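> Sharing a structure below in structure tokens format, with a few things to ask.
The values are calculated or read from the model by the stated rules, or taken from the named source; none is laboratory data. Quantities reported herein were computed from a predicted structural model and do not represent experimental measurements. Positions of Cβ are generated from backbone atoms using ideal geometry, with glycine treated the same way; all protein chains shown enter the neighbour counts.
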Amino acid sequence: MSENVLARSFESLRIDRADGIVTITIDRPDDRNALNGRVRDELKTVLPAVEDADERVAVITGSDECNAFVAGADVTELRERDLLEQREASERPRIYELVDELDTPVVARINGHALGGGLELAMACDVRIAARGGKLGQPEINLGIIPGGGGTQRLPRLVGEGQAMRLILSGELIDADEAQDIGLVDVVCSADDLDEEVDSLTSSIAEKSPLALEFAKESIRASSRLSLDEGIEYEAQLFVQLFATADKNEGIDAFFEQRDPVWEGK
């Protein structure tokens, strides 16, 4: 079923697969790849299929035609909603939770502006690689609202409470280099080098055991949700569980035999 989903054509997404890497491109260049209801619904269809498919890593990006990763939510939709309609639209799981909770590692390829819901989508990913030239920020305060896709929670965890306060309360937009300086993005490069940077990281991840990737991501993710002692105990539990897998034996055998491992994912 997941293979069929990833092979489908979508109105607002493009799906590309190669060598264990699936790339999800939000393709609304005329609207700067804004997150409207259609995009959200299609992502809710595709993201679970990514986890179920035989892919090692996912990339989320925006179409390159408009210099935007995702330039926010669709403001027209926000203006038309009342409280009850927005409450329904905010019911979990939303796309942010689906990305955050995927067992598959997710890389944000930030190829332009990442604003509002776009930045929240990038923050839900595991690694953020940004090209110079785009702006990042949470400008919702300028519309008389606040971030509603996890921005007030994920941003402080990435950059600290003071920097999060500065960006959210002012609505200030920052460039990719400053975003890297404060910890909001992990790698910054020129637009010409963006694909090379993303390919280098994702190819390296795709070579690893899918079970080890899943457990490593889960353990790291727990570090921001548990105390240090609880996190260390949880890490130990996950570490021990991998000793019941064929991939553990294959990895160690390949190390001793000086060859590339052949992972079974079990």
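> I need the full set of residues from the range 110-130 which are closer than 23 Å to L169 by Cα and small (G, A, S), in order please.
If the condition is that a residue be closer than 23 Å to L169 by Cα and small (G, A, S), then G112, A114, G116, G117, G118, A122, A124 are the ones that fit.
> On to the next question. Among the listed residues A179, A122, identify the single one that is out of contact with any helix residue (DSSP H, G or I) (no Cβ under 9 Å at 6 or more places or on another chain), assigned by TED's automatic domain parsing to the domain that holds D199 and at pLDDT 95 or above.
Just one listed residue meets the conditions, A122.
> Of these, V198, V240, which one is of a type in the set (V, I, T) and either in a loop (DSSP other than H, G, I, E, B) or without any contact (Cβ under 8 Å) to a residue 40 or more places away in the chain (or both)?
Going through V198, V240 in turn, the sole match is V240.
> Then there is this: Between D31, D41, which is over 19 Å from A122 (Cβ atoms) and assigned by TED's automatic domain parsing to the domain that holds G151?
Numbers: D31 fails: over 19 Å from A122 (Cβ atoms).
Within the list D31, D41, the selection yields D41.
> Within the range 7-49, restricting attention to residues that are exposed (fewer than 14 other Cβ atoms within 10 Å of the Cβ), of a type in the set (G, A, S) and not in a helix (DSSP H, G or I), which residue is modelled with the lowest pLDDT?
S9
> Exactly one condition in (1) in contact with a helix residue (DSSP H, G or I) (Cβ under 8 Å, 6 or more places away or on another chain); (2) within 20 Å of T152 (Cβ to Cβ); (3) in contact (Cβ under 8 Å) with a residue 40 or more places away in the chain; (4) not aromatic (F, W, Y) is not met by E77; state its number.
(2)
> Which residue is nearest to the chain's Cα centre (by Cα), if the candidates are limited to the range 81-97 and must be surrounded by fewer than 20 Cβ atoms within 10 Å (Cβ to Cβ) and not in a loop (DSSP other than H, G, I, E, B)?
It comes out as E97.
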